[in-house]
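Participant: After the structure tokens below, expect a handful of questions from me.
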Amino acid sequence: MKREHTTSQSYIDWLRSMGCVFYAPLIQGDTRDYISGQDIVISNGTVTWDNSENAYKFYGPYALNSYIASWRNLDMDLNINNLAYSMLCEVKGNNSNIVPICLGGRNNVTMNLATGYINTWFKLATSLPNVSPRTQWWYTDGNISTSFPNGYNRGNNPIVAPSAAKYSVECNSSGNYSSGLNRTYYMRNAYIFNRALSQDEIKQIQQIP
């Protein structure tokens, strides 16, 4: 599907059929999640449109256990007692410790920037199944990433997330919440799915040949 159609109802319906529970294209003047209709809320930082990047700029000062902005009251269709998910976005950031989006502030339900992709736009994705073996994969521009511990074994036990993971998506400035440095990144086309997408599905959604 071409990008000019990504906000049509047919596209939203198609995403839902794929298990999409959150989709924020983040186009100028529109920071909504198109699945719930909820708009972004600024917390401890700024979210401003940048014409030069044609994207929203997220800036976050250091603050322990805090985040730049979030979408709330989502009630996403996630099984938090046996969690499976996929996260996708297009991002450009100034530090590999940035977490563009995460669920409910949960550190192991996140996507960090790839170290080899600083200060350049790229398409980032990660997926985790809820069946054994729970092997998590990361992708950069549709390829299995060499910047992460790919094939990371999350163990055989179900991953249980806090209840907040169903109701909030955060934009974080620091992967470990304690790095003490300001973070800046740009983001668009953020997705969360309630299952582990295949590499081919990720390429299809992110329009990668």
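Please treat every number below as a calculation from the coordinates, not as lab data. None of these values were measured; they are calculated from a predicted model. Here the Cβ is made from the backbone with ideal geometry for all residues, glycine too, and neighbour counts use every protein chain on show.
Participant: For a Förster distance of 25 Å, can you work out the FRET efficiency between the beta-carbons of Arg72 and Ser132, rounded to the nearest 0.05?
Facilitator: 0.15
Participant: At 0.36 nm per residue, minus the direct Cα-Cα distance, what do Asn150 and Asn51 gain on full extension? Give it in nm, one decimal, please.
Facilitator: Going from the current span to full extension adds 32.2 nm.
Participant: If you only keep lysine pairs separated by 8 or more in sequence, or across chains, how many in the chain come under 13 Å at the Cα atoms?
Facilitator: 4
Participant: Can you show me the helix-derived [θ] at 222 nm for the chain, built from DSSP H runs with n ≥ 4 at -39,500 (n - 2.57) apiece and divided by the number of residues, rounded to the nearest 500.
Facilitator: -2500 deg cm²/dmol
Participant: Something else about it: Could you work out how much longer the chain between Thr120 and Asp39 gets when fully extended? Use 0.36 nm per residue separation minus the Cα distance between them, nm to one decimal.
Facilitator: Stretched fully, the Thr120-Asp39 segment lengthens by 26.5 nm.
Participant: Contour minus end-to-end for Asn143 and Asp13, with contour as 0.36 nm per residue of separation and end-to-end as the Cα-Cα distance?
Facilitator: 44.2 nm
Participant: Next question, about the same structure. Hey, can you rank 193-199, 82-88 by average C-beta count inside 10 Å, highest first?
Facilitator: My ranking of the peptides, most packed first, is 82-88, 193-199.
Participant: Now, a different point. Rounded to the nearest 0.05, what FRET efficiency do Asp30 and Asn82 have when you use their Cβ-Cβ distance and R0 = 25 Å?
Facilitator: With a Förster radius of 25 Å, E is 0.15.
Participant: Quick one: net charge of Thr184's neighbours, Cβ under 11 Å, K/R +1, D/E -1?
Facilitator: +1
Participant: Give me the distance between the Cα centres of the stretch 25-70 and the stretch 121-173, rounded to whole Å.
Facilitator: For the stretch 25-70 versus the stretch 121-173, the Cα centre distance is 21 Å.
Participant: When N is the residue count of the chain, what does its C-alpha Rg come to as a fraction of 2.2 N^0.38 Å?
Facilitator: Output field value: 0.93.
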